[in-house]
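A.B. asks: Shown below is the structure under consideration.
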Amino acid sequence: MEGTAALSWDGSAPPSGRTETSRTVDAGPLALRVTAVGSDTAPAVTVTGAGPGVLLVEAAADAPDARLRIAWQLPCTGATAYWTPNTGTRWLPPSWAPPREASLPKGAPVGSLVGPGDAALCTFAVGELVRPVTIGEGAVEETGRYSWWVEQDGPRLALRLDLSGRHFADTVRESAAWWGTLAPTRPVPDAAFEPVFCTWYALHLAMTSADVERLAELAAPLGFRSLIVDDGWQTDERTRSYATTGDWQPAPHDFPDFAGHVRRIQDLGLAYLLWHAAPFVGDRSAAAERLAGHTLAHLPLLETFLLDPRSPTVRAHQVERLAAAVEQHGADGLKIDFVDAFARRPAPGAAPDTASPEADCATVAEGVQKLLAALDARLRAARPDVLVEHRQDYTGPGLWPYATMVRATDCPLGAVENRVRTADLRLTAGPLAVHADPLTWHPRESPEQIAVLLQSVLFATAQVSVDLTAQDAEQLTALAFWLSIMKEHRDLLQRSELRPHRPELAYPVIEARDGARLAFGRYAPLPLRARGEWELLLVANADQDTLVRVEFDRAPGTVDLLVQDCRGGTVARAQTPVGGTELSVRVPTGGLLTLRR
C-alpha cells in the first residue's frame, strides 16, 4: 500500500496555509513528493510560508503505523559543498550513496547545499528530536539535479526548507532555533563556557589521585575553571579496555579517598567532572551478570556489553551509579561518553542486536531519552547547576534538555579538524556550550604552534590535556595569554552569531559578530571583510603568512591599533589613520591584532 501527494514551487511568494492531497509534479525549480507507505490514501500535506524563502511542509497519514517519506529535488547549479553536522568531507555525494540516520544518540536531521559566496541553495531540517530519521541526499547524475528524501515511521512528519539564499550558517542556525520551539530548553550555567583541563591525553589510564591533583594545581593559575577526570578513575588497570566499566566505583589503589580528592580539586577553584561510559557494562564488572539479558550486543574488541536502554532495570542501574558521582562523591558534573554506541548498526550479514525482554518503548533512541531524563532529574535534584558534557556525534536537539556542553569528537593534534568540528557544532548546538576536543601537543612544541592550536578553537570553549609539568615558561605563557583572551571576549567568541566561511576549504576564515564587536580567525592567507559598523575588531592570525589585510565598507578613520605576539607581548601599538577601505598589518603567527574605534 502506498499513497502519494506531490507539488512544486517556482520560487515566488511562499504559499500560506495551503493543503495538498494529490497534485502532479511539474518541472518547477522545487519538486516535492510525499509518500505514505502502509496507507491506502494519499497523505495530507500542508505547506506554509515560514518567512522569506522558507517553507514548512507537514505531512500526515491516516494509518498510525504508516511510514512517511518526503522527497524533493532542485537544480544543482553553482553548488560548491554539501554541509552536514557529521563534519567529514564536504563533497557532493551521489544520490545512490547509502543514507544516513539521525536520532537522539547520533547526529542531527539537518543539511545544507552550499553555493557561491557561502549562500545556502537549500537547507533542510526535520522536526524530530528523538526517534530515528533516515536521510538520503545526493547529486542525480542523470539529470543534474540535487535530490533529498527523509523518512520516518509514524503518522506525522514535518520538514523545514530554507531556500532564501542567505549565508548557509545563518540558515542552519535558524533551523536549530526552530527545533528549540518544539521542546523546552534549559538555561546553561556560565561555568559551561569556561576553559577545561582534561586528564585523558595528559595521563590516559595511568593516573592516580596524586597525579590529577598535581596537574590541577598547575592548571588553576593558568585560567582553567573545570577539570575532567577521564577514563581510569574506576580501574587500577592500565590497558585500554572497557572490561571494568559498569560498576562505577573509584579504583581502590589509585583513588583511595575519592571524596577527599574531589574536595581538594574544588578548593583550587576548579569544578570537578567525572567520566562515565553510559552504554557499557564490562566483561569483568560485577554488574555484567546482574544485567545479563538486558543487552543489545557484546563488543569483543572493547570487552564490554552494550546495554539496552529500553530496559527499566538498565536505566535504574545506570542512573544510580552515575548519579553517585554527584550525590556521594561531591562532583560538579559528568562527562557522559559513548552515547552514540547506542545507535550502532550491526555489520552486513551479522546477527541483529538483541532486545531486553522488558523493553518498554519501540526504539533504542526513545530508551536513551528515558535514561537521560531520569539521570537529569537525579543530578539536578542534588546540584541544580550540574555540568554535563556530551560529544559528537550525539549532538542533536533531543539532547539539549540533558546537557550543558557538547564537545568535538577525538582529534588529537588535529588543529584543522578541531576547528571544523567546533564551528559545525556551534551552528546546531542551540543553547549548549561547544567545547573543543582537548588540545594536546608534543613537549617540544613551539609557543607559536601552541597558540595556533588555541586559535583554531577560538570560537569554542577551550579544553587542554597536556602534561603541564613538562611545559617551559614560554609555552605556559602562550597558553595563559590565549586563555585570557578567550575569557575577556567570551560573549563575542562563544555566544555571538558565527559565520564560518568556505566549508569546502575547511573554514579558512571564521567570523563572529556581537553588535558592534567583530572577531576573525584567520587560518589561510586571505583578506578579511569587516562589513557593517564596528567598535572592536579582533584578528587571530593562525597562518604562516603574517601580512593581514582587512577590507572595510568605508574608511574607518583613526583607529587604536595593537599587535601582540603568541605570548601576549606587544609588537606594535599606535593610533593609525585609515583613510581608505583597506588596512594591511604585520601580525605574527599565533598573534593577535586588536583594532578599536
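The values are calculated or read from the model by the stated rules, or taken from the named source; none is laboratory data. Being a predicted model, the structure only gives us computed values, none of them experimental. All Cβ positions, glycine included, derive from the backbone under ideal geometry; neighbour counts span all protein chains shown. The area values use the complete protein model at the heavy-atom level, side chains included, leaving out ligands, DNA and RNA. Shrake-Rupley method; radii C 1.70, N 1.55, O 1.52, S 1.80 Å.
A.B. asks: Picking from P94, P109, P98, P105, which residue would you name as being in contact with a Gly (Cβ under 6 Å, 6 or more places away or on another chain) and of a type outside the set (F, W, Y)?
C.D. replies: P94
A.B. asks: Continuing with this model, one more query. Would you say L302 is crowded, with 19+ Cβ neighbours inside 10 Å and either of a type in the set (F, W, Y) or part of a loop (DSSP other than H, G, I, E, B) (or both)?
C.D. replies: So L302 passes the test.
A.B. asks: Turning to a different aspect of this structure: Considering region 190-202 alone, what residues qualify as being in a helix (DSSP H, G or I) and touching a residue at least 60 places away in the same chain (Cβ under 8 Å)?
C.D. replies: A191, A192, F193, W200, Y201, A202, listed by residue number.
A.B. asks: Using the structure shown, decide if I265 is buried (at least 21 other Cβ atoms within 10 Å of the Cβ), touching a strand residue (DSSP E or B) at 6+ places or on another chain (Cβ under 8 Å) and closer than 19 Å to V368 by Cα.
C.D. replies: no
A.B. asks: Then there's this: Evaluate the following for E389: is it of a type outside the set (V, I, T) and either farther than 18 Å from A278 by Cα or in a helix (DSSP H, G or I) (or both)?
C.D. replies: No; evaluated as a whole, the condition is false for this residue.
A.B. asks: Please specify each residue of region 299-319 satisfying the condition of being more than 17 Å from A286 (Cβ to Cβ) and not aliphatic (A, V, I, L, M).
C.D. replies: Correct list: P300, D308, P309, R310, S311, P312, R315.
A.B. asks: How many of the residues in region 112-143 are on the phi < 0 side of the Ramachandran plot and in a strand (DSSP E or B)?
C.D. replies: Number of matching residues: 18.
A.B. asks: Also, I was wondering about something else. Based on what the data block shows, is R444 among the charged types (D, E, K, R) and surrounded by 23 or more Cβ atoms within 10 Å (Cβ to Cβ)?
C.D. replies: no
A.B. asks: Does at least one position in region 63-76 carry a residue that is open to solvent by less than 10 Å² (accessible area, probe 1.4 Å) and touching a Phe, Trp or Tyr at 6+ places or on another chain (Cβ under 9 Å)?
C.D. replies: Yes, region 63-76 has at least one match.
A.B. asks: Between residues in region 373-402 that are among the acidic types (D, E) and residues that are open to solvent by 50 Å² or more (accessible area, probe 1.4 Å), which pairs lie under 6 Å by C-beta distance while being six or more apart or on different chains?
C.D. replies: D393/K106
A.B. asks: I'm checking my understanding of the structure. Among residues of region 451-507 that are in contact (Cβ under 8 Å) with a residue 60 or more places away in the chain, open to solvent by less than 10 Å² (accessible area, probe 1.4 Å) and of a type in the set (S, T, N, Q), which one is farthest from E174 (Cα to Cα)?
C.D. replies: Of everything passing the filter in region 451-507, S465 is farthest from E174 (Cα to Cα).
A.B. asks: Here's a follow-up. On the given criteria, is R310 within 19 Å of S241 (Cβ to Cβ), assigned to a loop (DSSP other than H, G, I, E, B) and in contact (Cβ under 8 Å) with a residue 24 or more places away in the chain?
C.D. replies: no
Results for (1) under 24 Å from R495 (Cα atoms); (2) open to solvent by less than 40 Å² (accessible area, probe 1.4 Å); (3) among the β-branched types (V, I, T), shown as yes or no for each residue.
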site: L161; (1), (2), (3): no, yes, no
site: F168; (1), (2), (3): yes, yes, no
site: E174; (1), (2), (3): yes, no, no
site: A183; (1), (2), (3): yes, yes, no
site: V188; (1), (2), (3): yes, yes, yes
site: L203; (1), (2), (3): no, yes, no
site: T208; (1), (2), (3): no, yes, yes
site: A216; (1), (2), (3): no, yes, no
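A.B. asks: Now, a different point. Out of the residues in region 274-292 that are part of a strand (DSSP E or B) and free of Cβ contacts under 8 Å to residues at least 60 places away in the same chain, state the one that is nearest to E389 (Cα to Cα).
C.D. replies: Going through the qualifying residues, I end up with V281.
A.B. asks: Also: Go through (1) touching a helix residue (DSSP H, G or I) at 6+ places or on another chain (Cβ under 6 Å); (2) open to solvent by 60 Å² or more (accessible area, probe 1.4 Å) and name the single condition F193 misses.
C.D. replies: All conditions are met except number (2).
A.B. asks: If we scan region 454-464, do we find a residue that is touching a Cys at 6+ places or on another chain (Cβ under 9 Å), modelled with pLDDT of 95 or more and not in a helix (DSSP H, G or I)?
C.D. replies: Checked region 454-464: at least one residue is touching a Cys at 6+ places or on another chain (Cβ under 9 Å), modelled with pLDDT of 95 or more and not in a helix (DSSP H, G or I).
A.B. asks: In the set E142, E101, which member is farther than 14 Å from W83 by Cβ, acidic (D, E) and free of Cβ contacts under 8 Å to residues at least 60 places away in the same chain?
C.D. replies: E142
A.B. asks: So, one more: State which residue is surrounded by the fewest Cβ atoms within 10 Å (Cβ to Cβ) when the search covers only region 565-594 and only residues that are within 31 Å of the chain's Cα centre (by Cα) and assigned to a strand (DSSP E or B).
C.D. replies: Applying the filter and picking the extreme gives T594.
A.B. asks: May I ask you to verify whether L562 is surrounded by 14 or more Cβ atoms within 10 Å (Cβ to Cβ) and touching a helix residue (DSSP H, G or I) at 6+ places or on another chain (Cβ under 9 Å)?
C.D. replies: Criteria not met by L562.
A.B. asks: Can you name the number of the only condition in (1) of a type outside the set (G, A, S); (2) over 25 Å from A31 (Cβ atoms); (3) assigned to a strand (DSSP E or B) that P184 fails?
C.D. replies: Status for P184: all satisfied but (3).
A.B. asks: When residues of region 111-146 are filtered for being open to solvent by 20 Å² or more (accessible area, probe 1.4 Å), closer than 24 Å to A59 by Cα and in contact with a Cys (Cβ under 9 Å, 6 or more places away or on another chain), how many remain?
C.D. replies: Residues flagged as open to solvent by 20 Å² or more (accessible area, probe 1.4 Å), closer than 24 Å to A59 by Cα and in contact with a Cys (Cβ under 9 Å, 6 or more places away or on another chain) within region 111-146 amount to 2.
A.B. asks: Any idea how many residues of region 249-270 are in contact with a helix residue (DSSP H, G or I) (Cβ under 8 Å, 6 or more places away or on another chain) and part of a loop (DSSP other than H, G, I, E, B)?
C.D. replies: Going through region 249-270 one residue at a time, the tally reaches 8.
A.B. asks: Mind checking which residues of region 336-368 are of a type outside the set (A, V, I, L, M, F, W, C), under 22 Å from Q152 (Cβ atoms) and surrounded by 12 or more Cβ atoms within 10 Å (Cβ to Cβ)?
C.D. replies: D340, R344, D353, D360, T363, E366, G367
A.B. asks: What do you reckon, is L56 open to solvent by less than 40 Å² (accessible area, probe 1.4 Å), over 22 Å from the mean Cα position of the chain (by Cα) and under 29 Å from A403 (Cα atoms)?
C.D. replies: For L56, the condition - open to solvent by less than 40 Å² (accessible area, probe 1.4 Å), over 22 Å from the mean Cα position of the chain (by Cα) and under 29 Å from A403 (Cα atoms) - is met.
A.B. asks: Got a number for residues in region 77-107 being assigned to a strand (DSSP E or B) and buried (at least 21 other Cβ atoms within 10 Å of the Cβ)?
C.D. replies: Number satisfying all stated conditions: 5.
A.B. asks: Can you name every residue in region 402-424 that is within 9 Å of T87 (Cβ to Cβ) and surrounded by fewer than 24 Cβ atoms within 10 Å (Cβ to Cβ)?
C.D. replies: Listed by number, the residues that qualify are T409, E417, V420.
A.B. asks: Please indicate, with yes or no, whether at least one residue in region 531-548 is open to solvent by less than 10 Å² (accessible area, probe 1.4 Å) and among the polar types (S, T, N, Q).
C.D. replies: Looking for residues that are open to solvent by less than 10 Å² (accessible area, probe 1.4 Å) and among the polar types (S, T, N, Q), one finds at least one in region 531-548, hence yes.
A.B. asks: Applying the selection to region 268-295, what residues are out of contact with any Lys or Arg (no Cβ under 8 Å at 6 or more places or on another chain) and open to solvent by 10 Å² or more (accessible area, probe 1.4 Å)?
C.D. replies: Hits for region 268-295 are L268, D283, R284, S285, A286, A288, E289, R290, A292, G293, H294, T295.
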